[in-house]
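Input: a single structure, listed below in structure tokens.
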Amino acid sequence: MEIKTREELLRIYGGVDSFSEGLARVRKDGEWFHIRPDGTPAYKQRYDSVDSFSEGLAWACKDGKWFHIRSNGTPAYKQRYDHAGSFSEGLVRVRKDGKCFHIRPNGTPAYRRRYDSVGSFSEGLAWACKDGKWFHIRPNGTPAYEQRYDSVGSFSEGLVRVRKDGGKWFHIHSDGTKAD
């Protein structure tokens, strides 16, 4: 396999994203798909949009419905969603019928609860919003602590920035205790 330069790939496809897990997403004639480093398509299917691969899967959108595909272009599961994100720590956030939750790579829900919004997992926790209150959940969907906030971020190095009662921002630990 002869690896093509970025300039060669740009002449063929017009736009080429960075390679991730050995494939790059490209758009040609209004359709999205992935290519190998030699510039050949990785599969025959074409989608309305695709993302880069993460943890072996990439989201794809076709006819307004979102799902994940394998590197050969085939869907990883049958379910379709109103929106889907990229996998992080083995789970991915999805939205269906106005409710958000996380699924596993085979498409099964990771838990039964549904939220107004959820984020990607970082350091074992994901942010979630229910009835305008923000907090973090574990991979099984249960809250990591009792406190609720006006806004929260994603964990990094064991801490996350939060805001309560319209006040100042401060940091908490993963168990919800305030950091000094």
Just checking, how many residues over region 151-180 are assigned to a loop (DSSP other than H, G, I, E, B) and over 21 Å from residue 114 (Cβ atoms)?
15
Every residue from region 20-30 that is closer than 17 Å to residue 71 by Cα and either at pLDDT 95 or above or loosely packed, with under 12 Cβ neighbours inside 10 Å (or both):
20, 21, 22, 23, 24, 25, 26
Contact list please: Cβ distance under 8 Å, first residue in region 123-138 and under 11 Å from residue 149 (Cβ atoms) and assigned to a loop (DSSP other than H, G, I, E, B), second residue open to solvent by 30 Å² or more (accessible area, probe 1.4 Å) and at pLDDT 95 or above, pairs at least six apart or on different chains.
132/116
Can you find a residue that is surrounded by 20 or more Cβ atoms within 10 Å (Cβ to Cβ) and either basic (Lys, Arg) or at pLDDT below 95 (or both) anywhere in region 105-125?
no
Any residue in region 89-104 that is within 17 Å of residue 131 (Cβ to Cβ) sitting within a Cβ distance under 8 Å of a residue that is β-branched (Val, Ile, Thr)? List the pairs, counting only those 6 or more apart or interchain.
100/94; 100/118; 101/94; 101/118
Here are the criteria: (1) under 23 Å from residue 106 (Cβ atoms); (2) more than 18 Å from the chain's Cα centre (by Cα); (3) not hydroxyl-bearing (Ser, Thr, Tyr). Tell me which single one residue 57 does not satisfy.
(2)
Tell me, please, whether a residue that is modelled with pLDDT of 95 or more, in a strand (DSSP E or B), within 24 Å of residue 136 (Cβ to Cβ) and open to solvent by less than 30 Å² (accessible area, probe 1.4 Å) can be found in region 70-87.
yes
Of residues in region 10-44 being assigned to a strand (DSSP E or B) and of a type in the set (Gly, Ala, Ser), the one farthest from residue 73 (Cα to Cα)
20
Residue 148 passes all but one of (1) touching a Cys at 6+ places or on another chain (Cβ under 6 Å); (2) within 17 Å of residue 178 (Cα to Cα); (3) among the charged types (D, E, K, R); which number fails?
(1)
Expected output for region 7-19 (first residue modelled with pLDDT of 90 or more, partner surrounded by 14 or more Cβ atoms within 10 Å (Cβ to Cβ) and part of a helix (DSSP H, G or I), Cβ below 9 Å, 6+ apart or cross-chain) is 16/9
Considering region 27-41 alone, what residues qualify as being in contact (Cβ under 8 Å) with a residue 12 or more places away in the chain and either under 14 Å from residue 14 (Cα atoms) or within 26 Å of the chain's Cα centre (by Cα) (or both)?
27, 28, 31, 32, 33, 34, 35, 36, 37, 39
Out of (1) over 28 Å from residue 168 (Cβ atoms); (2) aromatic (Phe, Trp, Tyr); (3) buried (at least 16 other Cβ atoms within 10 Å of the Cβ), the odd one out for residue 155 is which?
(1)
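Hey, does region 89-102 have a residue that's within 16 Å of the chain's Cα centre (by Cα), open to solvent by less than 40 Å² (accessible area, probe 1.4 Å), over 23 Å from residue 48 (Cβ atoms) and not hydrophobic (A, V, I, L, M, F, W, C)?
yes
The values are calculated or read from the model by the stated rules, or taken from the named source; none is laboratory data. Predicted model only: the values in this text are computed from it and were never measured. Note: ideal-geometry Cβ built from the backbone for every residue, glycine included; neighbour counts use all protein chains shown. Accessible surface is based on the protein model in full, side chains and every heavy atom, while ligands, DNA and RNA are left aside. Shrake-Rupley method; radii C 1.70, N 1.55, O 1.52, S 1.80 Å.
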